[in-house]
Amino acid sequence: MEAVGNYVKVCHLRNENVRTDMLRSTMKQMEDTLQNYPMIVRCHRAFLVNLAQVDQIVSHAGSTQLLIKHCHEALPVSRSNMTQVREAIRQMEN
């Protein structure tokens, strides 16, 4: 999910195809709505990510990005959210 002004762009799989929907919402509202899903975390001010859809974690030149399955996009991970992302990944592995 990506913040786009007063909307949230949601990319998801439906019938093996990547779909994009625009919802009139804030990232905070989406984060609150999805709080019962520990695999969905905020990785950046403008992004929420389903960690089950992360294909690879790439770190280079002091930055970290999450490569997403199916759409081959790279989402940034901010330094302030790095701990939260790592903890969520650890919990998913256990």
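Any read-out appearing in this document is the output of simple, stated calculations on the displayed coordinates, not a laboratory observation. Here the structure is a predicted model, which means the values were calculated and not measured. Here Cβ is always computed from backbone atoms with ideal geometry, including for glycine, and neighbour counts include all displayed protein chains.
Couple of notes before you dig in:
- Any chance Val41 is surrounded by 13 or more Cβ atoms within 10 Å (Cβ to Cβ) and among the β-branched types (Val, Ile, Thr): yes
- Candidate set from region 49-61 (those that are closer than 16 Å to Thr83 by Cβ and surrounded by 11 or more Cβ atoms within 10 Å (Cβ to Cβ)); member that is nearest to the chain's Cα centre (by Cα): Val49
- Filtering region 73-94 to residues that are part of a strand (DSSP E or B) and touching a helix residue (DSSP H, G or I) at 6+ places or on another chain (Cβ under 6 Å) leaves only Val77.
- One residue stands out in region 1-48 among those that are acidic (Asp, Glu) and free of Cβ contacts under 8 Å to residues at least 40 places away in the same chain: the one that is nearest to Gln84 (Cα to Cα), namely Glu31.
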